[in-house]
Amino acid sequence: MAESLATRKYWIRIVFVIGALALLGKAMFIQLIDDTYRVKGTTAGIDEITIYPARGLIYDRKEKLLVNNVPMYDLMVTYSRINPQMDTAKFCALLGITKETFIKNLEKDWKDPRFSKMVPFVFQSKIAADTFARFQESLYEFPGFFTQVRNIRSYPFPYAAHLLGYIREVNAQEVENPDENYVAGDYIGGSGLELAYERLLKGRKGVSFILKDKFGREIGPYKNGERDTMPLSGKDLISTIDIDLQAYGEQLMQHKTGSIVAIEPSTGEILALVSMPTYDPNLLTINSNRGRAFKALSEDPTKPFFDRSVVAKYPPGSIFKTVVALVAMQTGVITPNQGFSCSPGYYYNGRLYKCHGHPYASNVSIALQHSCNSYFWQTFRRIIDKHGFYQPQKGLAEFDEYVYQFGLGSPLGIDFPQEQKGNVPTPGFYDQVYNGSGGWKSPTIMSVGIGQGEMQLTSVQMANLAAIMANRGYFYTPHLVKGFKNDTSKIDEKYRARHDIKINKEYFDYVANGMEGAVSGGTATLAYIWDLPVCGKTGTAQNNHGEDHSVFFGFAPKDNPKIAISVYVENAGWGGSYAAPIASLIIEKYINGFINENRKYLEQRMIEVDLINQP
């Protein structure tokens, strides 16, 4: 019994000795080897620093850089960690600000979800490099403050402002969105391609956790950077735009209001997207002058922010006669060799609807060549009255179904924000306007047959219409991104899908012949290029608020076309006076690379004419 008790005491002593040695070993490890607790003892906190990725660049189709990144320095602050005893005077002197500015920059609406006293926010942005370097040396004196490097945009070319768009600070709604990773002070695409491709351009943020002592000085990375994540740069976009053609289009359209849209028919790639008036995109870079520039542009009576290429809705005028001709031939209400008299217009119910003087329109091609209003009033009436004079609803509904195939009456679905659908009038619309189905007949709405009345198209729809004529009956959805630099990702499948129009190809050939005749010896002779077969159609869109609008759409060359184009010049009068020559100069520049000497006078005149400030 005594021996058993002695053995038990022995083992108890052994356990105590082992425990003591273990504690001693741990203490030695903590004090002599592991510095975690020593570091924590001298650490006031851990700063979570956001590392912003480089926003994706944007190139033109020849990989010329259109949108670049420039580093910018922000001073961030965590309100709850500010030292109330800090040397405010020195702080303000280093940054070159007043005490009033210091107080203003710290004052936030703490009820706003974008701000929290525990979360860093931007105290001052866009700090100049020399100021940043001077302040950085004394940063440790100001706990709660830290610097952050971000990128802002710059534009090597002063063109394509609407197309490229701009970036802006996020708003409260975007910060609250749980599906997005935005915090107050972040930048987001505000318009154009910057907005349309925001998810691909913005990249992914990284995070760095930094230990700081009680004086705000950096001790080092937390846990040797084990929790840090690297940022992922945004994708670089290769756009479909030819920046030289874009610049030339803006030069031709200066001092004018309207748009130019040029498309490669075989792919649907947009070569130029011009909206005028415009502005230099560098005006809206994130800098101290941005607010003033934005205000001035917003108040400009010429509305330079208004994108006339995809937002403005216009009556297409006589270019719409091509669609009427195709539908009429396909539905059998006329043949390609159908002729209609015009002397000097169309008589109906004792009234003369006038047309301009031209040779007899003995067939569809000649009618398009000379843009005979009488021909297309009568043709359109035949379409609407196909099922009888007293059943215009059926005829119009059938006509509309064909029109929808051309991408009219709804957005085309281009990769660009705010695209409008235009307007295709329906039987229901006229029933409402004229108080029932018996209130309107084909004569009531025959102005639609010449692209007037309630028919409205966007400029990109008109250009796409030209691409359909060029392809003789099909199109690819117009788009602005060709691919991604150093990336094998493909553009959306919908931009590679072919859309066929259910109209016989032979009828498109008659229309193309008429468009070629319009340029060589009809209403669009100022679009003629002696060594390049151009097919085009003018339009003079009536305007109840001033001078009529000048319209042209076309393509070139006639066979294997390389470019389809629409030009719309507001308040410029006859379609052949401005829209046609501007379109032909764009075509010649794109295909030949230069303007022939015998057409330099025309180029000069288009550049110099001022249709905004003229009496």
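Out of all the residues in region 331-361, which are assigned to a strand (DSSP E or B), of a type outside the set (Gly, Ala, Ser) and over 26 Å from His387 (Cβ atoms)?
Filtering region 331-361 for residues assigned to a strand (DSSP E or B) gives 340, 345-348, 351-354, 361.
From what is left, the residues that are of a type outside the set (Gly, Ala, Ser) are 340, 346-348, 351-354.
Those that are assigned to a strand (DSSP E or B), of a type outside the set (Gly, Ala, Ser) and over 26 Å from His387 (Cβ atoms): Leu352, Lys354.
State the number of residues belonging to region 339-352 that are crowded, with 16+ Cβ neighbours inside 10 Å and either touching a residue at least 40 places away in the same chain (Cβ under 8 Å) or closer than 13 Å to Phe380 by Cα (or both).
Within region 339-352, residues that are crowded, with 16+ Cβ neighbours inside 10 Å and either touching a residue at least 40 places away in the same chain (Cβ under 8 Å) or closer than 13 Å to Phe380 by Cα (or both) number 2.
Within region 140-174, work out how many residues are in a helix (DSSP H, G or I) and crowded, with 18+ Cβ neighbours inside 10 Å.
4
Give the residue, chosen from Gly25, Gly45, Gly19, that is in contact with a strand residue (DSSP E or B) (Cβ under 7 Å, 6 or more places away or on another chain), over 30 Å from Ile188 (Cα atoms) and either at pLDDT below 70 or of a type outside the set (D, E, K, R) (or both).
Testing whether each residue is in contact with a strand residue (DSSP E or B) (Cβ under 7 Å, 6 or more places away or on another chain), over 30 Å from Ile188 (Cα atoms) and either at pLDDT below 70 or of a type outside the set (D, E, K, R) (or both) leaves just Gly45.
Criterion first (modelled with pLDDT under 85, of a type outside the set (Asp, Glu) and either in contact with a Pro (Cβ under 7 Å, 6 or more places away or on another chain) or outside any strand (DSSP E or B) (or both)) does Phe115 satisfy it?
Details: modelled with pLDDT under 85: yes; of a type outside the set (Asp, Glu): yes; either in contact with a Pro (Cβ under 7 Å, 6 or more places away or on another chain) or outside any strand (DSSP E or B) (or both): yes.
Against the criterion (modelled with pLDDT under 85, of a type outside the set (Asp, Glu) and either in contact with a Pro (Cβ under 7 Å, 6 or more places away or on another chain) or outside any strand (DSSP E or B) (or both)), Phe115 qualifies.
Could you check how many residues of region 567-578 are touching a residue at least 60 places away in the same chain (Cβ under 8 Å), small (Gly, Ala, Ser) and within 11 Å of Gly536 (Cβ to Cβ)?
Residues meeting the conditions: 1.
Just give me the residues in region 86-121 being under 40 Å from the mean Cα position of the chain (by Cα), under 22 Å from Leu139 (Cβ atoms) and basic (Lys, Arg), in sequence order.
The answer is Lys104, Lys108, Lys117.
Can you tell me which residue within region 220-244, out of those that are on the phi < 0 side of the Ramachandran plot and of a type in the set (D, E, K, R), is farthest from the chain's Cα centre (by Cα)? If you could, list the steps in order and put the result at the bottom.
Looking only at region 220-244, we keep the residues that are on the phi < 0 side of the Ramachandran plot, and these are 221-222, 226-244.
Restricting the remaining residues to those that are of a type in the set (D, E, K, R) gives 226-228, 235-236, 242, 244.
On the way: Glu226: 40, Arg227: 38, Asp228: 35, Lys235: 17, Asp236: 16, Asp242: 15, Asp244: 18 Å.
The selected residue is Glu226.
Looking at (1) more than 28 Å from the chain's Cα centre (by Cα); (2) surrounded by 14 or more Cβ atoms within 10 Å (Cβ to Cβ), find the lone condition where Glu570 falls short.
Single failed check for Glu570: (1).
Give me the residue from region 291-322 that is touching a residue at least 12 places away in the same chain (Cβ under 8 Å) and polar (S, T, N, Q) and, out of that set, surrounded by the fewest Cβ atoms within 10 Å (Cβ to Cβ).
If we take residues in region 291-322 being touching a residue at least 12 places away in the same chain (Cβ under 8 Å) and polar (S, T, N, Q), then Thr302 is surrounded by the fewest Cβ atoms within 10 Å (Cβ to Cβ).
Taking the stated definitions as given, is Asp415 of a type outside the set (Ser, Thr, Tyr), in contact with a His (Cβ under 7 Å, 6 or more places away or on another chain), farther than 16 Å from Gly554 by Cα and surrounded by 15 or more Cβ atoms within 10 Å (Cβ to Cβ)?
Criteria met by Asp415.
Which residue out of Ile384, Ile334, Ile319, Ile366 is in contact with a Leu (Cβ under 6 Å, 6 or more places away or on another chain) and farther than 30 Å from Val70 by Cβ?
Every option except Ile384 fails the conditions.
Being at pLDDT 95 or above, of a type in the set (D, E, K, R) and in a loop (DSSP other than H, G, I, E, B) is the filter here, so list the residues in region 513-552 that pass it.
Listed by number, the list is empty, since nothing qualifies.
Report every pair of residues separated by at least 6 positions or lying on different chains whose Cβ atoms are under 9 Å apart, first residue within region 59-88 and under 25 Å from Ile243 (Cβ atoms) and buried (at least 19 other Cβ atoms within 10 Å of the Cβ), second acidic (Asp, Glu) and modelled with pLDDT of 90 or more.
Sorted first by the residue in region 59-88, then by its partner, the pairs are Tyr59/Asp236; Asp60/Asp242; Asp60/Asp244; Leu66/Asp60; Val67/Glu194.
The values are calculated or read from the model by the stated rules, or taken from the named source; none is laboratory data. Just so it is clear, the structure is predicted and the values come from calculations on it, not from any experiment. When we count neighbours, we look across all protein chains shown, and the Cβ atoms used for this are built from the backbone with ideal geometry, even at glycine.
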